[in-house]
Amino acid sequence: MSYHSEALIGELEGIARQIRVDILEMIARRQSGHVGGSLSAVEILTALYFHHLRLDPLQPAWPERDRFILSKGHASAALYGALGRRGFFPPEDFTHWGDLDCHLQGHPDRMKTPGVDMTSGLLGHGIALGAGLALACRYTGLRYRVYTLLGDGECQGGIVWEGAMLAAKYRLANLTAILDYNDVQLDGAVHEIMPLDPLAAKWKAFGWAVLEINGHDVRQVLEALDMANEIHHQPTLILAHTTKGKGVSYMENNSYWHGNVPNAAELARALADVRGQGC
């Protein structure tokens, strides 16, 4: 079992709170965005960008960097929060999110945004693209790893499982998928609209190693990422149980906040919730 100090965990939890503030302010300012699924992925992105990924913000195209794909591209506010706080661009750029000529668009665009390795669009594409990048690594001689973040709603689509089969066939052990399993999608609960369970068993049946964690426990996220690095014969799925709208009391587990935007009073209440955590 890997060891991560209390100081590191506390530091990452503080960064996660800041990114939640960034998400809320970005979406409220733009009056557009997907707040619930952005908030549920914060600890995962924080652990990746501020500890685990091999990258250099001053060299976004460094060939040996680890690759990250945001398959659930509508959660771009969370990714932009991580990239901006990590130093790929100034956090002041958050105020221009969605402007016509801004490098921050509704979905991440690898041609515009420093640190974005793959443009997001059609839900479900992340596993297949991740498998392609992981397979390319084998032929180029580079040593990077590939990570892709999925939503649970998109796992209702067949394209996810086609990519999963491909990754298993080629035993792409340098590919790790992380599933943000918050059980809420646009119109309600995932388990009511199109149930996914037994989800862990399905991924195992498709030839993946599966690690199941609390996706808001930073220590568990870090340990799972470390464990995935030690699996050498198959791709790994980290099944991260999360809460839609995490950190904002009135948004949690509420499908209304999949894509709706808080007004001024709601924003103030949300920020108070987030800033009050850990104080």
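Taking trypsin sites (Lys or Arg not before Pro) across segment 155-209, the ones in a DSSP loop with at most 16 further Cβ atoms lying within 10 angstrom of their Cβ are R171. Evaluated with a Cβ-only charge set (Lys, Arg +1; Asp, Glu -1), the chain carries a dipole of roughly 600 debye about its Cα centre, given to the nearest 20. Between R143, R86, R20, the residue with the greatest mean-square fluctuation in the GNM of the chain (Cα pairs under 10 Å linked by springs) is R143. Annotation note: chymotrypsin sites (Phe, Trp or Tyr not before Pro) in segment 1-60 located in DSSP loop regions with a Cβ neighbour count of at most 16 within 10 Å are Y3. Normalised by 2.2 N^0.38 Å, where N is the number of residues, the C-alpha radius of gyration of segment 6-275 stands at 0.94. Beta-bridge orientation, segment 179-279: approximately 20 percent antiparallel, per DSSP, counting only bridges with both partners inside.
Against the main long axis of the alpha-carbon atoms of the chain, helix 218-229 sits at an angle near 20°.
Neighbour counts of C-beta atoms inside 10 Å place H241, H191 in the sequence H191, H241, starting with the fewest.
Rank G84, G37, G163 by how far each Cα sits towards the positive end of the charge dipole of segment 6-275 (+1 on Lys, Arg Cβ; -1 on Asp, Glu Cβ) and give me just the farthest. It is G163, whose Cα lies furthest towards the positive end.
Between R54 and D226, the modelled labels are 1.8 nm apart [label points 7 Å from Cα along Cα→Cβ].
Checked against a 22 Å cut-off, the cross-linked pairs K112/K169; K204/K244; K169/K204; K72/K112; K72/K202 give Cα-Cα distances beyond that limit for K112/K169; K204/K244.
No lab work stands behind these numbers, since they all come straight from the coordinates. All values derive from a computational prediction rather than experimental measurement. As a convention, Cβ positions derive from the backbone with ideal geometry for all residues, glycine included, and neighbour counts pool all protein chains shown.
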